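The structure appears below as structure tokens.
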Amino acid sequence: KSGIEWNPSRERLIVVSNRLPFVLKRDDLTGKLIRKSSAGGLVTAVAPVVVDCGGRWVGWTGDCSLTVDDEIPEASEEDTTPTAGLLKHQVVPVYLNQQQFDSYYNGCCNGTLWPLFHSMSDRAVYSSEYWQDYIQVNQLFADKTLEAIEFSKMDGPDIVPLIWIHDYHLTLMPSILRQALNEKNSNALLGFFLHIPFPPWDIFRLLPWDDEILLGLLGCDMIGFHIEDYCINFLDCCHRRLGCRIDRKNLLVEYGNRIVKIAALPIGIPFDRFQRMAEEAPRLVKEKRQKIILGVDRLDYTKGLVHRLKAFERFLEKHPEHIEEVIFIQIAVPSRTDVKEYQELKEEMDQVIGRINGRFSTANWSPIRYIYGCVSQAELAAYYRDAFIAMVTPLRDGMNLVAKEFVACQIEEPGVLILSPFAGAGETMQEALLINPYKIDDVAELICSALEMSRDEREVRMKNLRRREKVNNVDAWAQAFLKAIRSTTSMNPESDSK
Ligand code: GDG
């Protein structure tokens, strides 16, 4: 059941994201496709709304070998995940071939836009071939979304389709859709949410197709970012690149004869679900004597993993009194393994961890436990619960959910969150210990202060962090997004009366 207020007689939510909200696998015996759950916060919050209102979810199948001849299955009877209620006619698959996947996804999305939007411009590759495929795939997604809008209109002439597009994979789609919808005189509302940072103007303009992306996004009625800084960066770009009139105070951009609303909507997590998992999860690390320092990340160069390990190494060097007293557990989920930068990072991690363990291990103790793989959410909750320190130290990060999941699971002895100010989460999680991850010596000293922090101080900090995340959970975020998109009808009334 969705935790979001909804008007099913009037609205239909159509979510568009790069991937469908579940994984499709071929059964080895029968050859038929089966749905495997995907338990991310976004899916948990948004899938029930799509189910409740009879909406649609448009996304890539996640497997290049699939074609239109492969029927999307219904969920199995045992499936109790949030997407189980999503009937197969509500799933609108986009099929990509291997060449499109390599060029659009690995190339343009992850080789160009990901590093550039994270202000790591020296890692960005600019290829017009990738860009052509990015345009083509955005067109494919737009075509499928138009089909979904047509279907939803069959439920009645007054139905308002709310289109919610997610992330940097699909920045050109809004303007393609806008044009098609204008031709049809449609009353659909278009909203977009960017899950990663939006960079400052002076970085963004390095992109050879910067104007195209701005124009693509301006096809929306509303664009959401995690924090106000990203909103301001976007407004700046619209003003300086396109000459748009902007209103910094009310976060508005005027483009053509339309006003586009910009909003800071920090994403939250399913707080109660994480807390419940932490209550139920068994204890994984048996040595109670040792304090756990925890890192949980996709293996991505934006997450600052190598800097973090070096800070831990410096800490052991400077504070040998803590040897055998702490263990550093790093969970690193393999990610984008086809991309060279990610393969190199994996090798560097192996080397640095080998060096630190080789340097400091004793007969009964090694400082780092490195899990290269994905653990279950229940296990993850146990690690979060039992950690004394969580180190969330990205070099740049849109928000960072790990920081929030950690505090939700801190139901026993209160621990300490060490957080980078370069994560969106750093804006609101003020009671964390905030530190620039590039300052290796200072991070090392901060680990020491966190280990020695009084229980009273830990408790006060953690209580406040938890209180905020419980209220500003993922349902509140989705609700705020939908409210913001609905409010745009009064801004551009002509689109309401169509
Ligand atoms: C993008 C933005 C923004 C991690 N290890 C395991 C596991 N995880 C889950 C965590 C968490 C998620 O992965 C990671 O979320 P993040 O927010 O840290 O990072 P991105 O994947 O980069 O997400 C980011 C986010 O979008 C949302 O807008 O916050 O800034 O980059 O939920 O729990 N889950 C399981 N096993 C693991 O080993 N089951």
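The values are calculated or read from the model by the stated rules, or taken from the named source; none is laboratory data. Remember, predicted model here, so these are calculated numbers, not experimental data. Here the Cβ is made from the backbone with ideal geometry for all residues, glycine too, and neighbour counts use every protein chain on show.
Here are some notes:
- Here VAL23, VAL43, VAL16 are screened, and the one residue that is closer than 23 Å to LEU140 by Cα, within 16 Å of the ligand (Cβ to nearest atom), within 20 Å of the chain's Cα centre (by Cα) and surrounded by fewer than 16 Cβ atoms within 10 Å (Cβ to Cβ) is VAL23.
- In segment 276-293, residue surrounded by the fewest Cβ atoms within 10 Å (Cβ to Cβ) [restricted to those that are touching a residue at least 60 places away in the same chain (Cβ under 8 Å) and basic (Lys, Arg)]: ARG283
- Each residue in segment 397-411 was checked for being over 17 Å from the mean Cα position of the chain (by Cα) and either within 12 Å of the ligand (Cβ to nearest atom) or at pLDDT below 95 (or both), and 2 of them qualify.
Conditions (1) crowded, with 24+ Cβ neighbours inside 10 Å; (2) acidic (Asp, Glu); (3) closer than 30 Å to ARG123 by Cα, marked per residue:
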position	(1), (2), (3)
TYR384	yes, no, no
PRO394	yes, no, yes
GLU412	no, yes, no
VAL416	yes, no, no
ASN436	no, no, yes
VAL460	no, no, no
ALA476	no, no, no
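- If the condition is being on the phi > 0 side of the Ramachandran plot and within 16 Å of the ligand (Cβ to nearest atom), then segment 280-337 contributes GLY304, ARG336.
- Scanning segment 227-241 for residues that are among the hydrophobic types (A, V, I, L, M, F, W, C) and out of contact with any Lys or Arg (no Cβ under 7 Å at 6 or more places or on another chain) gives ILE227, CYS231, PHE234, CYS237, CYS238.
- Which numbered condition GLN99 misses (of (1) surrounded by 16 or more Cβ atoms within 10 Å (Cβ to Cβ); (2) at pLDDT 90 or above; (3) in contact with an Asp or Glu (Cβ under 9 Å, 6 or more places away or on another chain)): (1)
- Candidates in segment 275-306 are the residues that are basic (Lys, Arg) and part of a strand (DSSP E or B); of these, the one that is farthest from the chain's Cα centre (by Cα) is LYS291.
- When LEU140 is tested against the conditions (1) within 24 Å of GLU212 (Cβ to Cβ); (2) at pLDDT below 95, the lone failure is (2).
- Per this entry, PRO394 is counted among residues that are within 20 Å of MET429 (Cβ to Cβ) and either within 13 Å of the ligand (Cβ to nearest atom) or among the polar types (S, T, N, Q) (or both).
- Among the residues of segment 407-448, just one is without any contact (Cβ under 8 Å) to a residue 24 or more places away in the chain and within 17 Å of LEU294 (Cβ to Cβ), namely LEU433.
- LEU446 being in a helix (DSSP H, G or I), surrounded by fewer than 24 Cβ atoms within 10 Å (Cβ to Cβ), more than 13 Å from the ligand (Cβ to nearest atom) and among the aliphatic types (A, V, I, L, M): yes
- Single residue of segment 161-211 satisfying the filter (out of contact with any Leu (no Cβ under 7 Å at 6 or more places or on another chain) and basic (Lys, Arg)) that is nearest to GLN479 (Cα to Cα): LYS184
- Conditions (1) within 16 Å of the ligand (Cβ to nearest atom); (2) more than 22 Å from ARG336 (Cα to Cα); number of the one not met by HIS195: (2)
- Pairs where the first residue, in segment 363-385, is more than 14 Å from GLN290 (Cα to Cα) and the second is more than 9 Å from the ligand (Cβ to nearest atom) and part of a strand (DSSP E or B), C-beta under 9 Å, 6+ apart: TYR370/PHE328; TYR370/ILE329; TYR370/GLN330; ILE371/ILE329; ILE371/GLN330; TYR372/GLN330; TYR384/LEU294; TYR384/ALA390
- Matching residues, segment 117-132, being surrounded by fewer than 22 Cβ atoms within 10 Å (Cβ to Cβ), in a helix (DSSP H, G or I) and either within 21 Å of the chain's Cα centre (by Cα) or not aromatic (Phe, Trp, Tyr) (or both): SER121, ASP122, ARG123, SER128, GLU129, GLN132
- Filtering segment 26-40 to residues that are of a type in the set (A, V, I, L, M) and either more than 16 Å from the ligand (Cβ to nearest atom) or buried (at least 18 other Cβ atoms within 10 Å of the Cβ) (or both) leaves LEU29, LEU33, ILE34.
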